[in-house]
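What follows is a set of notes on a single structure, which appears directly below.
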């Protein structure tokens, strides 16, 4: 039975922006490890990290 990654930050099609980023292979491996441990997608881990960073900066995305 395959575990389907959770989506804790659902986004509507009208508000989606696709980004392309460059990170080191070590950073990617660390993010993939977190995703595997939490049973979520790599994209979820990155969205969660961005949300937490923005919250720490006193910024909240407008919805």
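Count of the range 1-15 residues, restricted to those that are under 18 Å from residue 60 (Cα atoms) and either in a loop (DSSP other than H, G, I, E, B) or at pLDDT 95 or above (or both), is 5.
Can you confirm whether residue 18 is assigned to a loop (DSSP other than H, G, I, E, B), loosely packed, with under 12 Cβ neighbours inside 10 Å, under 15 Å from the mean Cα position of the chain (by Cα) and modelled with pLDDT of 80 or more? In short, yes. Can you name the residue in the range 24-60 that is loosely packed, with under 11 Cβ neighbours inside 10 Å and part of a loop (DSSP other than H, G, I, E, B) and is also modelled with the lowest pLDDT among such residues? If we take residues in the range 24-60 being loosely packed, with under 11 Cβ neighbours inside 10 Å and part of a loop (DSSP other than H, G, I, E, B), then 60 is modelled with the lowest pLDDT.
The values are calculated or read from the model by the stated rules, or taken from the named source; none is laboratory data. Fair warning: this is a prediction, and the values are worked out from it, not measured in the lab. Here Cβ is always computed from backbone atoms with ideal geometry, including for glycine, and neighbour counts include all displayed protein chains.
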